[in-house]
There are 2 protein chains.
Amino acid sequence: MFDLSAYIKNKNQQINLALEKILHNSRPSEPIVEAMKYSLMAGGKRIRPVLCIAATEAVGGKPQAVLPAACALEMVHTYSLIHDDLPAMDNDDLRRGKPTCHVAFDEATAILAGDALLTLAFEVLSSVQFTGKNQAASWLKVIHIISTAAGYQGMIRGQMLDMAAEGQHLTVDELKSMHTLKTGALIEASLLCGALLADARKRQMDILKTYARNIGLAFQVTDDILNVEGNPKIMGKAVGTDELREKSTYPAILGLETSRQFAKNLVDEALQVLKVFDKTADPLRALATYIIERKR
Amino acid sequence: MFDLSAYIKNKNQQINLALEKILHNSRPSEPIVEAMKYSLMAGGKRIRPVLCIAATEAVGGKPQAVLPAACALEMVHTYSLIHDDLPAMDNDDLRRGKPTCHVAFDEATAILAGDALLTLAFEVLSSVQFTGKNQAASWLKVIHIISTAAGYQGMIRGQMLDMAAEGQHLTVDELKSMHTLKTGALIEASLLCGALLADARKRQMDILKTYARNIGLAFQVTDDILNVEGNPKIMGKAVGTDELREKSTYPAILGLETSRQFAKNLVDEALQVLKVFDKTADPLRALATYIIERKR
């Protein structure tokens with residue numbers, strides 16, 4: 001039986017060490033660096049970097065080789081959280097059990113800390129030392145995948161749609177498109193980058209894309225469910241906020257039970273496509289199940 | 001006699017065409033795309049892309065080959081303007097004679113449009129089609145130069161220092177360090193990227209770095225002078241705002257006359273180091289002079 005919790009713990013140590021190393025040499029007393037570290041090291045689940053590493057392992061790659069991509073993905077994710085939490089956007093005070101960046105610091109510092117993490121992601125991706133031929137081209141492709149996923153046709157478009165949807169009643173399909181962009185795009189990018197850096201074949205990439213789309217959506221459905229019935233102490237943030245804001249969510253449209261079944265079906269589909277992989281894909285299998293069973 | 005105004009006009013046409021092409025295929029009616037275009041095509045001077053092209057020409061390169069870098073530099077610059085103008089930062093209503101992005105749209109859209117332009121810069125830089133060997137490595141270096149210059153140890157640090165300086169009396173040295181980061185870093189990056197993509201030798205790069213540092217500072221001193229004695233109609237923005245905000249500026253510390261002389265000395269120094277270049281560096285020479293003689 002594959003021990004996912006040991007796997008995640010082990011990978012998180014690697015990722016946190018790498019993230020700390022990146023910010024280690026910077027001037028520690030400067031508020032911008034403090035704010036970046038504050039949000040980056042706030043105890044996130046590191047789902048995207050772990051997926052990136054698990055994808056590279058699934059196609060025979062080494063975790064160490066994709067660490068810069070894993071770190072960059074977490075930086076892009078953290079930047080998006082900092083900006084989404086801003087007063088002009090979702091105006092959230094609490095994140096991962098701690099005051100959000102603009103509450104702990106101030107709004108200007110939070111905007112710039114987000115900007116800085118986004119920019120640092122690309123600095124990290126372009127600083128990679130390599131020797132093999134074609135490796136530069138691979139890292140360029142990684143930068144292309146991440147920037148496209150994070151950009152105005154991906155994650156940012158999703159956030160725009162999310163804000164526009166406030167007070168609206170979305171259909172399940174509209175909700176799906178929104179989440180495919182807002183969270184799905186970067187989750188897909190995480191898997192593709194990990195696979196690409198291990199020289200995955202096209203067919204493997206296609207399978208991982210299908211896996212990513214299914215677990216990305218399942219992740220969001222579960223987030224919505226947790227916002228209804230999660231434990232705020234475990235989650236480190238308030239629950240019931242979606243209902244309060246009259247947000248369109250899966251439980252609001254489909255009901256809790258159907259939403260749970262929907263998420264389960266998505267994960268089943270993700271597990272189904274992984275069948276052609278051998279046990280190197282066990283972490284991906286366990287992660288798919290974890291995504292709907294997690295409590296935070 | 002080198003005709004700078006024809007040169008700038010010609011390069012601006014190339015740059016604007018390239019920028020329009022990049023955003024052409026996107027969904028035009030979406031507010032995020034509208035906001036990105038609004039700020040990107042608001043009639044900026046395109047100093048950074050022009051310097052990038054002029055630098056590549058100075059070392060024997062072709063403008064066409066550096067256009068993605070030129071466009072990315074303008075996107076990074078425009079993102080920084082959008083975010084600097086936000087209510088939580090400098091709270092400016094007018095930019096280039098038009099309402100700032102958050103006034104024309106709203107604050108959330110402006111934050112995301114800035115984010116999107118920053119992200120798009122890296123999408124553009126990583127989408128370059130190339131055939132030659134080592135070209136991928138060169139574009140990775142360009143991404144590294146631009147992300148480092150724009151990041152928390154460069155432009156963003158400069159903006160943090162600028163905000164911290166409000167109400168303080170800076171020394172000339174403190175002012176210099178702040179501007180070296182806030183505007184100097186990206187100007188230097190513009191020249192280095194242009195030169196690097198034309199395979200400039202190390203000595204040429206060093207000369208262009210010295211040129212960049214001098215004109216970068218001269219550019220800022222001139223900005224400060226224009227804020228005192230510029231024509232708001234020509235500049236498209238209010239003047240006298242620095243004095244109103246009690247900002248530390250070169251005219252405030254050194255007086256107008258000494259500031260003018262300081263800017264002139266910087267440009268003389270920039271022209272001096274260019275002496276080893278032949279007439280291919282004429283655009284760079286003319287640009288140095290333009291930077292202190294411009295009226296906007």
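With all pairs of different alpha carbon atoms counted, what Kirkwood hydrodynamic radius in Å does the range B:4-293 show? Provide the component values of the computation, followed by the final result.
Working: mean 1/r = 0.0517 Å⁻¹.
After inverting the pairwise mean of 1/r, the radius is 19.3 Å.
Among A:TYR79, A:ALA58, B:ALA121, pick out the residue whose Cα is farthest towards the positive end of the charge dipole of the protein assembly as shown, where Lys and Arg carry +1 and Asp and Glu carry -1 on C-beta, about the Cα centre.
A:ALA58
Helix-only mean residue ellipticity at 222 nm, the protein assembly as shown, DSSP H runs n ≥ 4 weighted -39,500 (n - 2.57), per residue, nearest 500. What is it?
On the way: 32 runs with 414 residues, N = 592.
-22000 deg cm²/dmol, from helical runs alone.
What spacing in nm lies between the two simple spin-label points modelled at A:ALA238 and A:MET205, each 7 Å away from Cα in the Cβ direction?
Calculated label separation equals 4.4 nm.
Hey, how many Å between the Cα centroid of the range A:106-172 and the Cα centroid of the range A:69-94?
What the calculation gives is 11 Å, centre to centre.
Using a label point 7 Å beyond Cα on the Cα-Cβ vector, give me the inter-copy distances for B:THR171 in nanometres, one decimal, shortest first.
6.8
Assigning unit charges at the beta carbon (Lys, Arg +1; Asp, Glu -1) and nothing else, what dipole magnitude in debye, to the nearest 20, does the range A:1-77 show about its Cα centre? Before the final figure, lay out each step's value.
On the way: 9 positive and 6 negative charges, 12 e Å.
The dipole of the range A:1-77 has a size of about 60 debye.
Just tell me, in residue order, which DSSP H segments of chain B are both 15 angstrom or longer along the helix axis (alpha-carbon based) and at least -1.0 in mean Kyte-Doolittle hydropathy.
Values: long enough: B:4-24 (29 Å, -0.27); B:47-58 (16 Å, 1.22); B:63-85 (32 Å, 0.41); B:107-125 (28 Å, 1.43); B:135-150 (22 Å, 0.93); B:185-197 (18 Å, 2.05); B:202-229 (40 Å, -0.23); B:256-273 (26 Å, -0.26); B:282-293 (16 Å, 0.42).
Once both thresholds are applied, what remains is B:4-24, B:47-58, B:63-85, B:107-125, B:135-150, B:185-197, B:202-229, B:256-273, B:282-293.
With +1 on each Lys and Arg Cβ and -1 on each Asp and Glu Cβ, and nothing else charged, work out how big the dipole of the range B:4-293 is about its Cα centre, in Debye to the nearest 20.
The calculation lands at about 1260 debye.
Between chains A and B there is a rotation axis; tell me the chain A residue with the nearest beta carbon and how many whole Å away it sits.
A:ALA136, 2
Quote the FRET efficiency, to the nearest 0.05, computed for B:LYS295 versus B:VAL273 with a Förster distance R0 of 30 Å and r equal to the Cβ-Cβ distance. Intermediate results must be reported in sequence, preceding the final value.
On the way: r = 26 Å, r/R0 = 0.88.
About 0.70, to the nearest 0.05.
Taking the Cα centre of the range A:1-144 as the origin, how large is its charge dipole in debye, to the nearest 20, when only Lys and Arg (+1) and Asp and Glu (-1) carry charge on their Cβ atoms?
Result for the range A:1-144 is approximately 760 debye, rounded to the nearest 20.
Distances from B:GLY236 to the same residue in each other copy, label points 7 Å out along Cα→Cβ, in nm, shortest first?
The answer, with the shortest distance listed first, is 4.4 nm.
Less than 12 Å Cβ to Cβ from B:ASP84, Lys/Arg counted +1 and Asp/Glu -1: what total charge do the surrounding residues give? List each step's numbers first, then the result.
Values: positive: B:ARG95, B:LYS182; negative: A:ASP115, B:ASP85, B:ASP90, B:ASP92, B:ASP162.
Residues near B:ASP84 contribute -3 overall.
Would you mind listing the distances between the A:ARG296 label point and the same position in each other copy? Use 7 Å along Cα-to-C-beta, nm, one decimal, shortest first.
Counterpart label points of A:ARG296 in the remaining copies fall at 5.4 nm.
Report the paramagnetic label zone for A:GLU166: residues of the range B:109-130 whose backbone N is under 14 Å from a point 7 Å from Cα along the Cα-to-Cβ axis.
Under 14 Å, as judged by backbone N against the label point of A:GLU166, lie B:109-112 of the range B:109-130.
Filter B:LYS141/B:LYS209; A:LYS37/A:LYS98; A:LYS98/A:LYS247; A:LYS209/A:LYS279; B:LYS37/B:LYS98 down to the pairs with a C-alpha to C-alpha distance above 21 Å, please. Write down the numbers at each step before the final one.
Working: B:LYS141/B:LYS209 16 Å; A:LYS37/A:LYS98 13 Å; A:LYS98/A:LYS247 23 Å; A:LYS209/A:LYS279 19 Å; B:LYS37/B:LYS98 13 Å.
The answer is A:LYS98/A:LYS247.
Counting C-alpha atoms alone, how compact is the range A:186-296: give Rg to one decimal and Dmax as a whole number, in angstrom.
Computed over the Cα atoms of the range A:186-296, radius of gyration and Dmax are 15.5, 47 Å.
Gain in length, B:GLU20 to B:GLU229, computed as 0.36 nm per residue apart minus the alpha-carbon separation, to one decimal in nm? Could the numbers behind the result be given before it?
Numbers: separation 209, 0.36 × 209 = 75.24 nm, distance 3.42 nm.
That works out to 71.8 nm of additional length.
Which of the listed residues, B:ASN134, B:GLN14, B:THR280, is farthest toward the dipole's positive end in the protein assembly as shown, when Lys, Arg count +1 and Asp, Glu count -1 at the beta-carbon?
Going by the Cα projections, it comes out as B:ASN134.
With point charges of +1 on the Cβ of Lys and Arg and -1 on the Cβ of Asp and Glu, referenced to the Cα centre of the protein assembly as shown, which listed residue (B:ILE234, B:TYR38, B:HIS24) lies farthest in the positive direction of the dipole?
B:HIS24
Going through the range B:59-165, which chymotrypsin sites (Phe, Trp or Tyr not before Pro) have at most 13 other Cβ atoms within 10 Å and a DSSP loop state? Please list the in-between numbers first.
Values: sites: B:TYR79, B:PHE105, B:PHE122, B:PHE130, B:TRP139, B:TYR152; in loops: B:PHE105, B:PHE130, B:TYR152.
When the chymotrypsin sites (Phe, Trp or Tyr not before Pro) of the range B:59-165 are filtered for loop state and at most 13 Cβ neighbours within 10 Å, B:PHE130 remain.
Using a cut-off of under 20 Å, list every residue of the range A:114-149 whose amide N is near the label point 7 Å from the Cα of A:ARG96 along the Cα-to-beta-carbon line.
Output list for this probe position: A:114-125.
Values in this text are rule-based calculations from the coordinates and carry no lab data. Just so we're clear, the structure is a prediction, and the values are computed from it rather than from any experiment. Note that we place each Cβ from the backbone using ideal geometry, even for glycine, and neighbour counts take in every protein chain shown.
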